[in-house]
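Inspection log for the structure reproduced underneath, given as structure tokens.
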Amino acid sequence: EHVTLVNAYNGFYSAPSELHYVLNSYITALNTGIEIHVCTDIGRIENVKIDPKYWANSGLPGSPSLAKVTEYTRANGTGFNMHRSDWEYVSYLYVSGYKTGMWIGREPGYSDTPNAQLYEIHIKNCGTGLYVQAVNPYGLLISNSTFGAEKDGNAVYFFNDFKTSVQFNGVDFTGPIVSDGSDGAISFESCTFSEYSDYALRINNGNILLTQSDFKKPAGHVFLGTDVNTLKSVN
């Protein structure tokens, strides 16, 4: 609680830990800001900011320029990395200036995957805002959040191993959402999509549900691949 990390290779590492709690903290990490493994009793991350600027602007001896440290984190770093965790709660997480803002997927070498509730997640200026490799059957619920990618990046990307459920509610996306998932359902409720080049949603498999969502451009809303099962759009 109330900790600032600068010049760290990795920031907070849980491998494993039950009931971990990171609160009101600031991190500049060159590799990974927060990494979670094998948490079977609910962990919490609240009001954490991960950004190269905290080291660059620290005034500490040897601190690099913001441009220099951001060049490294944008090429190599991940802000938040979650492997297997049961019912993780993450709220008010801010990530900027990384190759991947948030990565969610399997334990290395195992099939174990996470589920979580994510609230007020704000990711910007990253190559990929949210990368979803795989999620367990209970899925992810993501609400009141923003995911943005720099030019030629993806706001959200679903890897081939994804085949369960992710729900977005009240989320604003800057940049495209691309899914190469093998199956599953991705739902969007009260979401907005903006600043995409060709399509806001490029979906190659699975099922898509759109409710009360708003596309900021008049065309290029959804591209469906030949293996998509269902698209349902309401309001």
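Remarks
- Filter pass, residue 98 being touching a Lys or Arg at 6+ places or on another chain (Cβ under 9 Å), part of a strand (DSSP E or B) and not β-branched (Val, Ile, Thr): no
- Residue in segment 87-121 that is most open to solvent (accessible area, probe 1.4 Å), counting only those that are among the charged types (D, E, K, R) and over 12 Å from residue 37 (Cβ atoms): 99
- The listed residues are 65, 58, 25, 91, and the only one of them that is among the polar types (S, T, N, Q), under 13 Å from the mean Cα position of the chain (by Cα), modelled with pLDDT of 95 or more and more than 23 Å from residue 161 (Cα to Cα) turns out to be 91.
- Segment 28-51 - residue that is farther than 21 Å from residue 76 by Cβ and β-branched (Val, Ile, Thr) and, of those, modelled with the highest pLDDT: 45
- Filtering segment 167-174 for residues that are surrounded by fewer than 22 Cβ atoms within 10 Å (Cβ to Cβ), assigned to a loop (DSSP other than H, G, I, E, B) and modelled with pLDDT of 95 or more leaves an empty set.
- Only residues that are more than 18 Å from residue 164 (Cβ to Cβ), open to solvent by 10 Å² or more (accessible area, probe 1.4 Å) and either assigned to a strand (DSSP E or B) or acidic (Asp, Glu) (or both) were counted in segment 182-209, giving 5.
- Within segment 30-80, considering residues that are assigned to a strand (DSSP E or B) and open to solvent by 20 Å² or more (accessible area, probe 1.4 Å), the one nearest to residue 128 (Cα to Cα): 78
- Pairs where the first residue, in segment 1-28, is touching a residue at least 40 places away in the same chain (Cβ under 8 Å) and the second is open to solvent by less than 60 Å² (accessible area, probe 1.4 Å) and part of a loop (DSSP other than H, G, I, E, B), C-beta under 6 Å, 6+ apart: 6/58; 28/52
The values are calculated or read from the model by the stated rules, or taken from the named source; none is laboratory data. Keep in mind it's a predicted model, so treat the numbers as computed, not measured. Neighbour counts run over all protein chains shown; Cβ positions are idealised from the backbone, glycine included. For the accessible areas, the whole protein counts, side chains as well, though only heavy atoms, and no ligand, DNA or RNA atoms are used. Shrake-Rupley method; radii C 1.70, N 1.55, O 1.52, S 1.80 Å.
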